[in-house]
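Okay, structure first, notes after.
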Amino acid sequence: MSDLAALIDLVELDLRDTGNANWSAEELTAHIRRALHSYNQVDPIRAVGEIALAAASREVSLATLTGLMQVTDVWYPYDTATYPPERPRWELLSESTLYLLVDESPSAGQVARLFYTKGHTISGLDGAAATTLDDPAEGLMVLGATACAALQYAQATINTVTVSGWTPRQLQEWAAERMAAFREGLEAVRRRAVLEADARVPWQASTRQEGQGGVV
């Protein structure tokens with residue numbers, strides 16, 4: 001799995017700009033970040049975390065869930081001996097606070113088990129220690145980053161001939177082709193993720209409101 005420096009090298013090769021004549025490493029980093037954000041919208045990591053309540057309160061801090069994007073399910077009160085697990089209604093008060101809609105006030109030390117999604121990371125990007133993408137996803141990062149970089153440069157060099165000899169129109173066409181391929185790749189990833197999710201047996205909620213637990 002590649003780190004940020006290796007991905008930048010791959011992007012530079014595709015752009016035929018290994019000497020950074022047209023794009024700086026900082027610019028390419030921003031384009032890789034943009035591609036990663038798009039990927040995370042269609043296939044984030046599915047994670048599980050347990051939170052011991054620090055106080056007797058229905059409000060649960062989500063600060064320990066690094067990279068949290070979306071809470072998808074909550075088991076509370078959670079212990080390994082209880083089956084089936086209890087799934088209370090809940091809602092998000094903010095990005096970092098979940099509210100348990102339970103009749104009995106929780107006690108400090110009780111455990112909530114949370115299922116959530118979080119973003120993939122690239123080692124060296126925004127302080128990340130590891131790359132969590134597989135090889136096909138890394139290829140999409142290069143594809144998306146080069147498309148964004150070429151489009152940016154084409155727009156900045158209208159009515160000129162670039163150092164590489166490409167005209168802005170040629171760059172725009174090349175960028176559009178790569179962006180279309182990137183989006184097709186993301187759509188394939190999204191379909192795969194949906195099929196994987198459909199293979200699991202969901203629990204049915206009798207009612208559901210926006211921001212509350214349950215699968216319908």
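Pairs linking a residue in region 118-130 that is in a loop (DSSP other than H, G, I, E, B) to a residue that is among the charged types (D, E, K, R), with Cβ atoms under 7 Å and 6 or more positions apart or on different chains, are I122/D3; S123/D3; G124/D3; L125/R33.
If I ask for residues that are in contact (Cβ under 8 Å) with a residue 40 or more places away in the chain and under 30 Å from T131 (Cβ atoms), which ones from region 91-110 would you list? Hit for region 91-110 is L92, nothing else.
Take region 132-156 and flag every residue that is assigned to a helix (DSSP H, G or I) and among the charged types (D, E, K, R).
From region 132-156, those assigned to a helix (DSSP H, G or I) are 135-156; that's our starting set.
Selection gives D135, E138.
If you take just the strands (runs of 3 or more DSSP E) that sit entirely in region 1-90, which of them hold at least 1 residues that are in contact (Cβ under 8 Å) with a residue 60 or more places away in the chain and either over 18 Å from the mean Cα position of the chain (by Cα) or surrounded by 12 or more Cβ atoms within 10 Å (Cβ to Cβ) (or both)? First the steps, then the outcome.
Working: elements: 45-52, 59-61, 68-75.
Of the strands (runs of 3 or more DSSP E) lying wholly inside region 1-90, those with at least 1 residues that are in contact (Cβ under 8 Å) with a residue 60 or more places away in the chain and either over 18 Å from the mean Cα position of the chain (by Cα) or surrounded by 12 or more Cβ atoms within 10 Å (Cβ to Cβ) (or both) span 45-52, 68-75.
Considering (1) more than 21 Å from L36 (Cβ to Cβ); (2) assigned by TED's automatic domain parsing to the domain that holds H31, the lone condition that A128 does not fulfil carries the number (1).
Is there a residue in region 19-41 that is β-branched (V, I, T) and either at pLDDT below 95 or not assigned by TED's automatic domain parsing to the domain that holds D134 (or both)? Checked region 19-41: no residue is β-branched (V, I, T) and either at pLDDT below 95 or not assigned by TED's automatic domain parsing to the domain that holds D134 (or both).
Looking only at residues in region 167-216 that are in a helix (DSSP H, G or I) and aromatic (F, W, Y), which one is modelled with the lowest pLDDT? Let's see the steps before the verdict.
In the first step, residues of region 167-216 are kept if they are in a helix (DSSP H, G or I); the result is 168-198.
Now restrict to residues that are aromatic (F, W, Y): 174, 182.
Details: W174: 88, F182: 95.
Within region 167-216, the match that is modelled with the lowest pLDDT is W174.
Among the residues of region 1-58, the ones that are under 30 Å from E104 (Cα atoms) and of a type in the set (A, V, I, L, M) come to 8 in all.
From the list V11, V71, V60, V42, which one is of a type outside the set (D, E, K, R), touching a strand residue (DSSP E or B) at 6+ places or on another chain (Cβ under 8 Å) and closer than 24 Å to L133 by Cα? Give the derivation first.
Details: V11 fails: touching a strand residue (DSSP E or B) at 6+ places or on another chain (Cβ under 8 Å); V60 fails: closer than 24 Å to L133 by Cα; V42 fails: touching a strand residue (DSSP E or B) at 6+ places or on another chain (Cβ under 8 Å).
Of V11, V71, V60, V42, the one residue that is of a type outside the set (D, E, K, R), touching a strand residue (DSSP E or B) at 6+ places or on another chain (Cβ under 8 Å) and closer than 24 Å to L133 by Cα is V71.
The values are calculated or read from the model by the stated rules, or taken from the named source; none is laboratory data. Note that the structure is predicted; figures quoted are calculated from it, not measured. Don't worry about glycine lacking a Cβ; one is built from the backbone with ideal geometry, like all the others, and counts go over all protein chains shown.
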